[in-house]
1. So what's the angle, to the nearest 10 degrees on a 0 to 90 scale, between helix 441-459 and the longest Cα principal axis of the chain?
2. Averaged over every viewing direction, what's the projected area of the C-alpha convex hull for segment 311-449? Give it in nm², one decimal, please.
3. Enter the accessible area per residue of segment 250-359 (Å², integer; probe 1.4 Å; all protein chains in place).
4. Rounded, prolate or oblate for segment 1-92? Axes are the square roots of the Cα gyration tensor eigenvalues, ordered a ≥ b ≥ c, and the cut-off for rounded is a/c under 1.5.
5. Quick one: if the Förster radius is 35 Å, what FRET efficiency do residue 164 and residue 269 give, using the C-beta to C-beta distance and rounding to 0.05?
6. Taking GluC sites (Glu not before Pro) as exposed when DSSP calls them loop (any state but H, G, I, E, B) and at most 11 other Cβ atoms lie within 10 Å, what is the longest stretch of the chain free of them, the sites themselves excluded?
7. In Å, what is the Rg of the alpha-carbon atoms in the chain, and how long is Dmax?
8. How big is the charge dipole of the chain about its Cα centre, in debye rounded to the nearest 20, if each Lys and Arg gets +1 on its Cβ and each Asp and Glu gets -1 on its Cβ?
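The values are calculated or read from the model by the stated rules, or taken from the named source; none is laboratory data. From a predicted model like this one, the values you see are computed outputs, not experimental measurements. Virtual Cβ from ideal backbone geometry, glycine too; neighbours counted across all protein chains shown. Remember, those area values only see protein heavy atoms, side chains included, never the ligands or the DNA or RNA. Shrake-Rupley method; radii C 1.70, N 1.55, O 1.52, S 1.80 Å.
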Amino acid sequence: MVTFILNNEQVSTDRPSGSPLLDFIRYDMGLTGTKTGCREGDCGACTVLVGTLEGDTVIYRSAVSCLMPLGNAHGKHIVTIEGINTGHLSHVQHAMVDNNAIQCGFCTPGIVMSLTGESLSGEKTTRESAIDSVSGNICRCTGYKSIERAAEAIAAALNEKDVSAPLRWLVEQKQLPEYFLTIPERLSVIREATNANGGPRVSGGTRISGGTDLMIQKADRLAESEIVTFHNRRDLKGIKVENGRCIIGAGATFTDIGQSDIFRKYLPDITTAIRLIASEPVRNMATVGGNIVNASPIGDFSVILLALNADVTIDGGAQVRTIPLRNLFLEYKKLDLSDGEYIRNVSFSYLAEPPLFSFEKVSRRTHLDIASVNSAITLRMNGDIISECHMSAGGVSPVPLYLKGTCAFLTGRPVNAQTVQEAGKLIQEEIFPISDARGSEKYKRLLLRQLFLAHIMKLFPGMMNLITEQL
């Protein structure tokens, strides 16, 4: 049985744990405020809040319920639009109405839930953060300007929010129902009845983490199946530095990465890079391990990790083993994983002096889109000489590609016109893109050339004139 709290009611269900949370909400519980839209995590009409007990506090984040397997809701507080009803409009709902940010209304519940999630954030709400929170919500009617004005009004209404206890502050301001204050204790009761791995034990079934890809690829099959969920496993969570290495649990989400002080200190540009990966509700669900085992040739975080020269630790086999991430990818959608094995964590060298880091991505939309080509690079310098180089690219081979030859060439060389030109030629020899729906082979080769030059311009602004000449 999957057990969780839905709004103010504890529910248990024997519906297949691989079925979408969206269907349980709408068809089993009759809560039709959560809308069925694209069923691919793009439109945001089905957005809900997911509350996770961390210590004695519940942390709320937005999620798209169409891609959330029911099993991942175990032990959580799931909040739909009906669950924030206090008998009057909240500051979020008022701002939407007052700024004419509603037309047909189909997308409105999802937008309200995303903005409510931002209200519950333990950081100061600004106009920019409010707009970012609805990055996964599509509206075909308004043109978005009225929604942007609503976001500005919400930020103003939250100007005095107590960031140390946002939930209590919102309840005291009568912006959320009082039952929210009872949730931590109620979730702890469910946790005590839950095994150490964070969910009901299942002996077989598809192994799934965040579900943001499998729930699209295998939606029909999973809807009638039991799953083995890795998403709730507490032993696969966390980001820490130990013995000179940063260790990321395979169950850490992209949001965990973007909010990690460890990452922000080492790669200050990581916040900007993370924003180019999916939308906020999807980042709240998608996990590092899931992105890797999906084995997509354009997996954004796989490309970033390759540029960090990361290793993966693999469990579940005859013995625990650690291998370089670049050796995990064998061929298209094929990994060096035997039956029963899974990724436990990913790690990379974490030195006192951070490397130079750049991530670039080209897609049809800036946000919430799959890359045509993406690339990342880390460099360490000894004066004007590159002492260490790791560069990767996606969309230009059957697997996320570590550019071994280019890295070897750049190591030990100065950053000058000749080095950049020769490295650019070598990159073209290492890749073998194909023409597909995201672009022709020629186009992808051009994109990676431009992304390499963009890396150099970002990391070495003094090279701007040289790069402009090459363009």
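1. That works out to roughly 90 degrees.
2. Numbers: hull surface 41.2 nm².
For the Cα atoms of segment 311-449, the hull's average projected area reads 10.3 nm².
3. 37 Å²
4. rounded
5. 0.80
6. Numbers: sites that count: 123, 160, 224.
Longest gap between qualifying sites, sites excluded: 225-471.
7. Both quantities, over Cα of the chain: 22.9, 69 Å.
8. On the way: 47 positive and 50 negative charges, 138 e Å.
I would put it at about 660 debye.
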